[in-house]
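Okay, structure first, notes after.
Please treat every number below as a calculation from the coordinates, not as lab data. A quick note: this is a predicted structure, and the numbers were derived from the prediction, not measured. Glycine also receives a Cβ, built like all others from the backbone with ideal geometry; neighbour counts cover every protein chain displayed.
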Amino acid sequence: MGERMAGKAVIVTGAGSTGQGWGNGKAAAVLYAREGGKVLAVDRRIAAAEETAAIIAGEGGTAVAFEADVTDPLEVLAMVKRCVDVFDRLDVLHNNVGIAETGGPVEATLDSWDRVIRINQTSVFLTCKHALPVMEEQRAGAIVNVASIAAIRSLGFPYAAYSASKAAVIAMTRNMAIEYAPKGIRANCVLPGLMNTPMIRAPLTASYGGDVDEMIARRDAQCPTGKMGDAWDTAYASLFLASDEARYITGHELVVDGGITQKCV
């Protein structure tokens, strides 16, 4: 166990993986706990949150599973209250919830657009809305929002709603960073590139002919490193931004992409 998050209470939304393996939220929750953080592992699927909490407990860490739909204002309020009730404070809010649905402006349905914006963007608004007053009272806190390189680059894939939602998260984070800097609160984004996580399986496989191995091979080939990153790459970047090591960093977008955005001009 490390000490980079010692004594800090951390909310991780989307803390359960959508399938077998390590998703970004699951890895982040476990890593925060390994570094001494006390984690409220939040997911709309309580079994997934409990699985993550069990991993943390099995490693000697502290975690509480909590079921919440972060697009529901009342459930978000209850989530923040639960963290304060259990851990007496809230030091880090890690927003990881997100979905990817394909389609450009013509192909995407309005229902798909609304769903992606609500889950990826509105959820961040709601969690910050209820977490910030707690942090403001403490005169300290850090927010880490997981965005995407899709917000700043096109990789030739039709992602209208996803790109728009992640770009909005970046803009919102910058705005919060300036507003709350005098109050001791930092806000930053992590922008993962092409990552090999359970999330990519369902929404993307069909676009690659329904073959998972083909999808992975083609995405690996797009990366300058010859291989996609994984959830731990996102988690370690998040840990840095959440920790006191990044105490003078706010309003920043940390790109974690193996260099792929340097190829896209």
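A few points about this structure:
- Near Ala63, the amide H atoms lying under 5 Å from its own belong to Val39; only residues 5 or more places off or on other chains count, and H is placed 1.01 Å from N.
- Shape call, region 9-253: gyration tensor on alpha carbons, a/c limit 1.5: prolate
- Once both labels are positioned 7 Å from their Cα atoms along Cα-to-Cβ, the gap between Leu110 and Tyr236 label points is 4.6 nm.
- Dipole orientation for the chain: of the candidates Pro182, Ile216, Ala108, Pro182 has the Cα lying most toward the positive pole (charges on Cβ; Lys, Arg +1; Asp, Glu -1).
- Nearest 10 degrees, 0 to 90: helix 73-87 Cα axis against the chain principal axis: 50
- Computed E for Thr225/Val84 - FRET, C-beta separation, R0 35 angstrom, nearest 0.05: 0.25
- In degrees, nearest ten, helix 160-180 long axis to first principal axis of the chain (Cα): 30
- Helix 46-58 and the longest principal axis of the Cα set of the chain meet at an angle near 60°.
- Loop exposure criterion: GluC sites (Glu not before Pro), DSSP state outside H, G, I, E and B, at most 14 other Cβ atoms within 10 Å. Applied to the chain, the longest stretch between such sites is 108-265.
- Using a Förster distance of 35 Å, the FRET efficiency for Arg218-Ile117 (Cβ separation, nearest 0.05): 0.80
- For the chain, calculated [θ]222 nm from helices alone, where every DSSP H run of n ≥ 4 adds -39500 (n - 2.57): -13500 deg cm²/dmol
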